1. Express in nm, to one decimal, how much length is gained between GLN104 and ILE31 on full extension, taking 0.36 nm for each residue of separation and deducting their alpha carbon distance.
2. May I ask you to order 102-115, 51-64 by the average number of other C-beta atoms within 10 Å around their residues, highest value first?
3. What is the packing order of peptides 91-97, 122-128, taking the mean over residues of other C-beta atoms within 10 Å and listing the highest first?
4. How much of the accessible area of region 38-105, probe 1.4 Å, is carbon plus sulfur, in whole percent?
5. Using modelled backbone amide H atoms (1.01 Å from N, in-plane), which distant-in-sequence or interchain residues come within less than 5 Å of VAL33's amide H?
Amino acid sequence: MTNFKHLLLAAALAAPGAFVATTATAQVAGIAVADPEAAVANSKAWAAARGQIQTTYKAQIDQANTRRQAITSELQPLVAAYQKAAAAPGATEASLRTQAQAIQTREQSANAELQRLTAPASRAQAYALEQISAKLPDAVNAAVRAKNVSLLLRPNAALFAQPTTDITSAITAELDRVVPTVGITPPANWQPGQQGEAAAATPAAAPAATRAPTGR
């Protein structure tokens, strides 16, 4: 889903200190890499939530898939006609504008319809992911301490990294420990990002000397 990475990034930014060793006595063992999105995607809580969502919202998902196929079949002749007109001698942007606008309008209408059909499942997914990603800083912090890592990077930030320096699986193991399950039914007034925004606001409002430890 498109918001997946944003949810995880929001959780990581809520506690930036989670990406370095935070205790004065931590051993400096070097640099490691980790993919937080993969850590969450591989977690047991997400696997269970995904299965529950597919079961709970099966009717809506099946309906959306059926409509998607029908819309694709409907658009194909319009696109084919546009391509044929565009290849004809003397074709111009002005002469093709009506056909292009018709296709664009139908695509926009179709996307809106599909979004309405999948909205309940998408909302459940966002709620489940937000619960897991809320624990991501703690999981990263625990993995960093356990591996005695002094600096943790994303894989795409490193020019080269040995496979043994990747602690993504260790973060997933911590997530499985701290958040073994999550719910898929958000409260009526829940909006995506609320939990992350609240977490991000807390450190900013508290003096550094009095902030609660990230490993709580």
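The values are calculated or read from the model by the stated rules, or taken from the named source; none is laboratory data. Note that the structure is predicted; figures quoted are calculated from it, not measured. A quick note on method: Cβ atoms are made from the backbone with ideal geometry, for glycine too, and the neighbour counts reach across all protein chains shown. SASA here: full protein model, heavy atoms, side chains in, ligands and nucleic acids out. Shrake-Rupley method; radii C 1.70, N 1.55, O 1.52, S 1.80 Å.
1. On the way: separation 73, 0.36 × 73 = 26.28 nm, distance 4.83 nm.
Residue separation times 0.36 nm, minus the Cα-Cα distance, leaves 21.4 nm.
2. On the way: 102-115: 12.6, 51-64: 14.6.
Ranked from most to least packed, the peptides come out as 51-64, 102-115.
3. Numbers: 91-97: 10.4, 122-128: 20.4.
Descending packing order for the listed peptides: 122-128, 91-97.
4. On the way: 2420 of 4440 Å².
So the carbon and sulfur contribution to the accessible surface is 54 percent.
5. LEU153, ASP166, ILE167
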